[in-house]
Amino acid sequence: MIFYYSGTGNTRWVAQQMGRLTGDKVVAMTDYMNHPELHTIIPTESVGICFPVYGWDAPAIAYDFMQSLQTELEFSPPYLYYICTMGDDIGLTGQRLQQAATSLGWCFSAGFSLQMPNTYVCLPGFNVDSTEVRDAKLARVPHALQGIAENIMERHTGIFQLIPGRFAWLKTNVIGGYFRKRLMSDRKFEVSTACTGCGKCETVCPVGNILMQRGRPTWQGHCTMCLACYHHCPHHALHWGSETRKKGQYLLTMHIKDND
Ligand SMILES: Cc1cc2nc3c(=O)[nH]c(=O)nc-3n(C[C@H](O)[C@H](O)[C@H](O)COP(=O)(O)O)c2cc1C
């Protein structure tokens, strides 16, 4: 079974492509966490965990998911792997994940990172990728996925194809630590006059953190910072402080064909 968490669609698409290549069932982490009884995992099947990298680490929801999976399962997955998507690099995400697995009595057999178009736009110097960079990243994905799928279907162990990037320790432990503690919050979201009250943001929030009240979105304080609301808004009306007003929007579905 392949589990995923995704804000703007990169990771969902990666998980779906993996499902197509491996024949494994694909389930949103949130669906499993809400209704574990609907998704029976066979003791012999492999378990894949797909997530976007946030602040050079896995999002908190991925760790929560692993915890709830471990609570539900009466066995250790015989072949456990992860695929993380990121704009540039993952720092020590792999190490952090392996530590989390160890504390649950598990061990990852394989792990992969896959560069996808960037979605982080909230700080100065960060924006969506240029058309050229975005298209170049997307063009590389099918071949990369094929390789990952082969490794998984043949259950190769000890395969960790990761891009930690430069200063990985510093990024994950110092910069990322501050980022995850102080900047992963919905308190700075604002709604501009361009908002029509269409409710798209409420619909796309993967954790149900947005409620429409008097025709305007309100954030409920359990945001994962996936930015699905920001990127999906048809009027570019949702902002994280003033920083995102001049930033771009990105949705994977605008750049892939239906049968991709
Ligand atoms: C809050 C946040 C933090 C991010 N941090 C990183 C990062 O540390 N390194 C990186 O390369 N990309 C980072 N990104 C980019 C995403 O990991 C990347 O675009 C991912 O593919 C988005 O997946 P999704 O479309 O499934 O949400 C970040 C994106 C967000 C929204």
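Quick note: the coordinates plus some simple rules give every number you see, no bench work behind them. Computed from a prediction, not measured in an experiment: that's the story for all the values here. Cβ sites come from the backbone with ideal geometry, for glycine too, and all protein chains shown count toward neighbours.
Shown for the chain: cysteine residues without a partner Cβ closer than 4.7 Å, namely Cys50, Cys84, Cys107, Cys122, Cys195, Cys198, Cys205, Cys223, Cys226, Cys233.
Placing unit charges on each Cβ (+1 for Lys and Arg, -1 for Asp and Glu) gives segment 2-181 a dipole about its Cα centre, and among Pro52, Ala15, Phe65 the Cα reaching farthest toward its positive end belongs to Pro52. A simple packing score, the average count of other Cβ atoms within 10 Å per residue, orders the peptides 83-96, 134-147 as 83-96, 134-147, with the highest score first.
By the Stokes-Einstein formula, at 0.692 mPa s and 37 °C, segment 184-254 with its Kirkwood radius over alpha-carbon pairs has D equal to 271 µm²/s. Our compactness index for the chain, the C-alpha radius of gyration over the empirical 2.2 N^0.38 Å, is 0.99. Would you mind calculating the relative contact order of segment 2-181 from Cα pairs under 8 angstrom and at least 6 residues apart, reporting the percent as a whole number? Relative contact order of segment 2-181: 24 percent. Protection proxy ranking for 213-224, 99-110, 44-55, using the average of other Cβ atoms within 10 Å per residue and placing the highest first: 44-55, 99-110, 213-224. Think of the chain as having a plus end and a minus end, set by charges on the Cβ of Lys, Arg, Asp and Glu; of Leu227, Pro124, Cys205, Pro124 sits farthest toward the positive end of this dipole. Protection proxy ranking for 8-21, 190-203, 116-129, using the average of other Cβ atoms within 10 Å per residue and placing the highest first: 8-21, 116-129, 190-203.
So what's the net charge close to Leu238: Lys and Arg +1, Asp and Glu -1, counting the other residues with Cβ under 15 Å from its Cβ? After counting each charged neighbour, the total is +3. A straight line joining the Cα centroids of segment 185-260 and segment 59-122 runs 25 Å. The value of relative contact order for segment 184-254, using C-alpha pairs under 8 Å at least six residues apart, is 38 percent. Taking each residue as 0.36 nm, the span from Arg140 to Arg155 lengthens on full extension beyond its C-alpha to C-alpha distance by 3.1 nm.
Rounded to the nearest 10 degrees, the inclination of helix 131-153 to the longest alpha-carbon principal axis of the chain is 20 degrees.
Between the Cα long axis of helix 60-72 and the first principal axis of the chain there is an angle of about 40°, rounded to the nearest 10. Taking Cα centre as origin and charging only the Cβ of basic (Lys, Arg, +1) and acidic (Asp, Glu, -1) residues, the dipole magnitude of the chain rounds to 960 debye.
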